[in-house]
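Shown next, in structure tokens, is the structure this report addresses.
Read-outs throughout are calculated quantities, based only on the coordinates presented, and are distinct from any laboratory measurement. In this text, all values refer to a predicted model and were calculated from it rather than measured experimentally. All Cβ positions, glycine included, derive from the backbone under ideal geometry; neighbour counts span all protein chains shown.
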């Protein structure tokens with residue numbers, strides 16, 4: 001089967017295996033865990049900073065930011081719920097008026 005993969009496939013397979021071993025070694029070591037946690041924290045802080053700058057820039061040029069879209073999504077969800085409720089109410093009213101019409105005809 002190794003012959004079918006070719007040399008590039010074997011290199012990739014071996015690289016993945018070695019990367020897995022290296023990751024395991026780093027995560028098994030408490031210092032490695034601290035470094036990974038610090039890197040994740042830094043990435044999250046960086047993402048928040050980028051989002052804040054992006055929002056300021058979008059607002060400065062008069063474009064809607066992510067928060068604006070999220071508010072629109074919330075409003076749409078409220079409207080959908082209201083429409084469903086009203087639709088059920090109309091169906092209930094129609095059903096009761098049809099039942100009343102049937103009784104009147106008897």
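The structure-derived value of Cα extents along the principal axes in Å appears in the list (1) 64, 24, 19; (2) 86, 52, 31; (3) 53, 29, 20 under the label (2).
The sum of -39500 (n - 2.57) across all DSSP H runs of n ≥ 4, divided by the residue count of the chain, sets its helix-only mean residue ellipticity at 222 nm to -33500 deg cm²/dmol. Compute the acute angle (0 to 90°) between the alpha-carbon long axis of helix 2-28 and the principal axis of greatest extent of the alpha-carbon atoms of the chain; round to the nearest 10°. Long axis of 2-28 versus the principal axis of the chain: about 90 degrees. FRET efficiency for the residue 13 to residue 43 pair, using the beta carbon distance and R₀ = 22 Å, is estimated at 0.15. Helix 30-60 sits at what angle to the longest principal axis of the chain, using alpha carbons and giving 0 to 90 degrees rounded to 10? Relative to the chain, helix 30-60 is tipped by roughly 50 degrees. Distances longer than 19 Å among the Cα atoms of the stretch 1-63: what percent of all pairs is that? Pairs farther apart than 19 Å: 62 percent. Extending 7 Å from Cα along the Cβ direction at residue 29 and again at residue 56 yields two label points whose distance is 3.9 nm.
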